[in-house]
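Just so you know, all these numbers are worked out from the coordinates, no wet-lab data involved. Just so you know, these numbers come straight off a predicted model, no measurement behind them. When we count neighbours, we look across all protein chains shown, and the Cβ atoms used for this are built from the backbone with ideal geometry, even at glycine.
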Amino acid sequence: MILSRWSSVIAGHAERRRLYTSAELQVVAPDVAVRARATALGAPLPITAIIPTLNEEQNLEGSLQSLQGLVDEVFVIDSGSTDATPAIAERYGAHVVQHPFETHARQWIWALANLPCRNDWILGLDADQRVSLELSAELRQLFSGEQSRLDAVDGFYVNRRYIFRGRWVKHGGYYPKYLLKLAKRDRMRSHPDDLLDHHFYVDGRVAKLRHDLIEENKKEEDIAFWTEKHIRYATLLATEELRRTMTGRLEPLQPLALGNPDQRTLWRKGVWRRLRRYGRPFLYFLYRYFVRLGFLDGKEGLIFHFLHACWFRLLVDIKLEEQSRNYRRLPKKGNGGERDNPYHSWV
């Protein structure tokens, strides 16, 4: 009997520990039954969710599960997927619309201008992002309250919780990380100059939500996928930086060190562009890994912070040098001695 009681205690402790770990990290797939009980408390909210996709069968289902019963309309903007992505979207009742992909920003500009959304509020998600149960409950509370609370705000920032290879990256400046994800359609915009680091911007008043949006790309469990993707991203980011330097284009918002999350990001990008190439990736890694305590993220944190802060940023600097050299080799035109600038045509 004593052994039986101790076995029950140990089993109960192990179960509580397992549930605590899963609840903290949110690494496992959403519990559909729990989410169904949470969403059964009310009708779907007057929100239209929009998700761009391209071969996202490994990620899309988790995103759509998190929206079940929460929003009353979902659009999936597909760019010619050859896997089961469209079928998964249709199975969850989403409207699937095909549109060729240019850049993330231009895809969103098209979507906001052309989709027949029936709601004023838009929730913009990536296929690897899902709404946590806590955020779902917070949205229900927000939309069930007085209408004046919603009328007073044009957009909401959501705190992203990033999962890399099964581990929540809590340090290195990666958490908290606020992204503007929910906004009124007539106030929501994207900047066409953003080739890679896409952001939504809002003309009006913004506020922060307290709970997390979980981002976990299942395809990144294969490190080759992550590195190949970031090799492509390095070219885009180098082009974006060189173009902004050469054309002198204004930022979509005023960069401010103490502004809203997007203004702070733009301010930091301005500082980054003034730093010396080839030295800044190593400084950035040291800052993230030691000053911002990235070493507390364990083995996965070492892999992520080194690859993202140092290797990727070094690759961007190499691409920048290549593109600058190629530009200087362009023939000059006219008597003014100016070169054709291919970057002007990409605005």
Worksheet item: What are the trypsin sites (Lys or Arg not before Pro) within the stretch 162-216 that DSSP puts in a loop, where the Cβ has at most 14 other Cβ atoms within 10 Å?
Response: R205
Worksheet item: To the nearest 0.05, how large is the calculated FRET efficiency for Q147 and L258 if R₀ is 41 Å and r is the Cβ-Cβ distance?
Response: 0.85
Response to the item:
Quick calc: nm separation of the 7 Å Cα→Cβ label points for E134 and R232 -> 3.3 nm
Item to complete: First check a/c for the stretch 90-227, with a ≥ b ≥ c the square roots of the eigenvalues of its C-alpha gyration tensor; if it is under 1.5, answer rounded, and if not, answer prolate when a/b is larger than b/c or oblate otherwise.
Response: oblate
Worksheet item: Which lysines have a Cα lying under 16 Å from the Cα of K319, excluding residues fewer than 8 positions away in the same chain?
Response: K229
Worksheet entry | 15 Å Cα-Cα reach of K170 towards aspartates and glutamates, excluding residues that sit fewer than 8 places from it in its own chain | E24, D212, E215, E216, D297, E300
Fill in: Point-to-point label distance, F282-E300, nm (Cα→Cβ direction, 7 Å offset)
3.0 nm
Worksheet, complete the sentence: Place a point 7 Å from the Cα of L275 in the direction of its beta carbon; the residues of the stretch 166-202 whose amide N falls under 20 Å from it are 170-178, 196-198
Response to the item:
On the formula 1/(1 + (r/R0)^6), with r taken between the Cβ atoms of D83 and R185 and R0 of 25 Å, the FRET efficiency rounded to 0.05 is 0.25
Worksheet item: Which lysines does K208 reach when only Cα atoms under 17 Å apart count, and residues fewer than 8 places away in its own chain are ignored?
Response: K177, K181, K184
